[in-house]
């Protein structure tokens, strides 16, 4: 689990001396506590859970025929460069021992409902992104727990106990950084880290990992670049301002 905090105290009150004409000091803005919970290789992990003979092997959920597409890949398969949305023939070429499994969406939906029931124990403010990930606002949570990190740890533990699956969690003060954080140390995101600000994480993030950032890829393992040639957010920030217009 990776946690990001702001680089300064944004809740500092302005003194009456700064606003001599104000009768009442402005109330401090409450800092949000946002979690991004992301299941690890969800579809493939469910298949490996239910079929012990698949554990530790490269698995792809999807059709194996010529026009088939990979819906999900286990971490063992990802080591060979197999990933979701990849044509099955390409995946098989990259990993000759790849095992294809037909998707069972009814099972995935049932497991997803179990996970969301766990979320609902902590907050009613849940924004599902898909069957396997969601944002949670735990600023004011049902358990009265002050630490968002503690909530994330409890949720991950309950998911493992209830479903036998692992999840990664990102903790931050906005959704963008929470999502980046959850992806930082997958799978099972065990890392606790509290940097001074979000810039430290963003600096080395590949452009292709930033939501809505369209980057081209050469089809192999070459890091994707944005249209100006930057491979990371840090490199993008270093470009001349005219290049970013």
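The values are calculated or read from the model by the stated rules, or taken from the named source; none is laboratory data. Note that the structure is predicted; figures quoted are calculated from it, not measured. When we count neighbours, we look across all protein chains shown, and the Cβ atoms used for this are built from the backbone with ideal geometry, even at glycine.
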A careful count of residues in region 130-140 that are outside any loop (DSSP other than H, G, I, E, B) and in contact with a strand residue (DSSP E or B) (Cβ under 7 Å, 6 or more places away or on another chain) gives 5
Out of 39, 3, sole residue that is touching a strand residue (DSSP E or B) at 6+ places or on another chain (Cβ under 8 Å), modelled with pLDDT of 95 or more and either surrounded by fewer than 15 Cβ atoms within 10 Å (Cβ to Cβ) or under 30 Å from residue 124 (Cβ atoms) (or both): 39
Would you confirm whether any residue within region 130-148 is modelled with pLDDT under 95, surrounded by 22 or more Cβ atoms within 10 Å (Cβ to Cβ) and farther than 13 Å from residue 116 by Cα? yes
Which count do you get for residues in region 84-110 that are on the phi < 0 side of the Ramachandran plot, in contact (Cβ under 8 Å) with a residue 12 or more places away in the chain and assigned to a loop (DSSP other than H, G, I, E, B)? 8
Within region 68-83, how many residues are more than 22 Å from residue 165 (Cα to Cα) and in a strand (DSSP E or B)? 1
Restricting attention to region 75-82, does a residue exist that is touching a strand residue (DSSP E or B) at 6+ places or on another chain (Cβ under 8 Å), farther than 20 Å from residue 186 by Cβ and either in contact (Cβ under 8 Å) with a residue 12 or more places away in the chain or crowded, with 20+ Cβ neighbours inside 10 Å (or both)? no
Considering residues that are in contact with a helix residue (DSSP H, G or I) (Cβ under 8 Å, 6 or more places away or on another chain), under 21 Å from residue 50 (Cβ atoms) and outside any strand (DSSP E or B), the number found within region 145-182 is 7
